[in-house]
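Here's the structure we're looking at; comments come further down.
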Amino acid sequence: MGRRERKKAATRQSLADAALRLFTERGYDDVGVREIADAADVSVTTLFKHFPDGKEALVFDQDVDREAALVAAVRERPADLTVPQALHRMLLGTHSRQVHADPRFDDFLRLIDTTPALREYARRMWLRHEHALAAAIADDAGLAADDPGCRALAHFALEAPVLARGAQDPDAALARVFDLLDHGWPGTRTG
């Protein structure tokens, strides 16, 4: 990465960090874009150059990287992994890095859960990822891009971390969901 790209990335990160700090301190609705720009020591115009989708996008600054990682998990997976196994590995690694690397992760989740505009933005963001992921799964399987099975796998793979988040053991819950996606529901009752 060249000097210019590093400077852009640093500015983008500074804006995202300032936004998250202000939003968690005072609440999303009580913080304006001018305050965020001031806190990051940039102009409002610069803020919108980095985040043209507005205030919500500041919270989800890793959006493009996440979609690329999801698609790469399918396309670049080892031959011995199924698509659900590769997605599970990728999402587990992402979740683990977020939880352990950033002490603000719980604040971030709480902010999204308690702010309707951010919950809606997150839903739209995941829907965009769902289309890209379904297309990658379909391409990998040699199926039509709109194959309902590929769309279902993409949808439920992206919902798995949300379902696991409230569990007593989120990693075990995530493993359970992906085991179901990989092997299906058992056809017979046990016991």
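The values are calculated or read from the model by the stated rules, or taken from the named source; none is laboratory data. Everything numeric in this text was worked out from a predicted model, so none of it was measured. Note that each Cβ is placed from the backbone with ideal geometry, even for glycine, and that neighbours are counted across all protein chains shown. The area values use the complete protein model at the heavy-atom level, side chains included, leaving out ligands, DNA and RNA. Shrake-Rupley method; radii C 1.70, N 1.55, O 1.52, S 1.80 Å.
Give me the accessible area of R119, 1.4 Å probe, in Å² rounded to the nearest 10.
Roughly 110 Å² of R119 is accessible to a 1.4 Å probe.
Have a look at Y121, F60, H155 and report the one farthest towards the positive end of the charge dipole of the chain, computed about the Cα centre with Cβ charges (Lys/Arg +1, Asp/Glu -1).
Working it through, the farthest residue towards the positive pole turns out to be F60.
Using DSSP H assignments, which helices in the chain have an axial alpha-carbon span of 30 Å or above and a mean Kyte-Doolittle hydropathy of 0.5 or higher?
none
Determine the per residue accessible area of the range 118-191 with all protein chains present and a 1.4 angstrom probe, expressed in square angstrom.
So the range 118-191 comes to 62 Å² accessible per residue, rounded to a whole number.
Out of the total accessible area of the chain (probe 1.4 Å, heavy atoms of protein only), what percent is carbon and sulfur?
52 percent
For the chain, place one equal point scatterer on every Cα, skip the solvent, and apply the Debye formula. What is log10 of I(q)/I(0) at q = 0.08, 0.10, 0.11 Å⁻¹?
Computed log10 I(q)/I(0) values: -0.32, -0.49, -0.58.
Of F156, F108, F178, F48, which has the most accessible area and how do the rest follow, probe 1.4 Å?
Result of the area sort, largest leading: F156, F48, F108, F178.
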